[in-house]
């Protein structure tokens, strides 16, 4: 059983995803680039001892899941998309907490804004 007070984490940075998200017409018409960072808080001691992939959360599978959720349908709000992404990662019972940031890399505003983003934290 996982130590529910674990400070261990798997960190993924800069996953690029093309997805449909936004309320403007142009955001409905074409996919736009997003970047996702995620921390998975989970007990990594078993994997540390065994050196076996099946004892940890496979970050390749995590990336696959994030891309699948982000691209399966249009989302109006980044808040909703971020929530759905985080909840999908909690489906793995080894994950105790998800700290997820999603950034829109081309926010449709008439200002010199590099990114617009949302951070959510979801716990088991």
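The values are calculated or read from the model by the stated rules, or taken from the named source; none is laboratory data. Note that the structure is predicted; figures quoted are calculated from it, not measured. Reconstructed Cβ throughout: ideal geometry from the backbone, glycine too, with neighbour counts over all protein chains shown.
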Kindly establish whether residue 66 is in contact with a helix residue (DSSP H, G or I) (Cβ under 7 Å, 6 or more places away or on another chain) and not in a helix (DSSP H, G or I). no
Somewhere in region 77-97, is a residue out of contact with any helix residue (DSSP H, G or I) (no Cβ under 8 Å at 6 or more places or on another chain) and part of a strand (DSSP E or B)? yes
Can you confirm whether residue 40 is more than 19 Å from residue 8 (Cβ to Cβ), touching a residue at least 40 places away in the same chain (Cβ under 8 Å) and crowded, with 19+ Cβ neighbours inside 10 Å? no
Can you tell me which residue among 35, 11, 49, 26 is assigned to a strand (DSSP E or B) and farther than 13 Å from residue 81 by Cβ? 11
Out of all the residues in region 45-65, is one or more without any contact (Cβ under 8 Å) to a residue 24 or more places away in the chain and at positive phi? yes
Starting from region 96-114, take each residue that is at negative phi and at pLDDT 95 or above and list its partners that are surrounded by fewer than 11 Cβ atoms within 10 Å (Cβ to Cβ) and assigned to a loop (DSSP other than H, G, I, E, B), counting only C-beta distances under 9 angstrom and pairs at least six apart or across chains. 96/5; 103/114; 105/114
Quick one: residue 27 ticks every box in (1) surrounded by fewer than 14 Cβ atoms within 10 Å (Cβ to Cβ); (2) modelled with pLDDT under 95 except a single one, so which number is it? (1)
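Would you mind finding the one in 91, 7, 47 that is over 22 Å from residue 119 (Cβ atoms) and either surrounded by fewer than 19 Cβ atoms within 10 Å (Cβ to Cβ) or at pLDDT below 95 (or both)?
Going through 91, 7, 47 in turn, the sole match is 47.
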Of the numbered conditions (1) closer than 21 Å to residue 24 by Cα; (2) loosely packed, with under 13 Cβ neighbours inside 10 Å, residue 123 fails exactly one; give the number of that condition. (1)
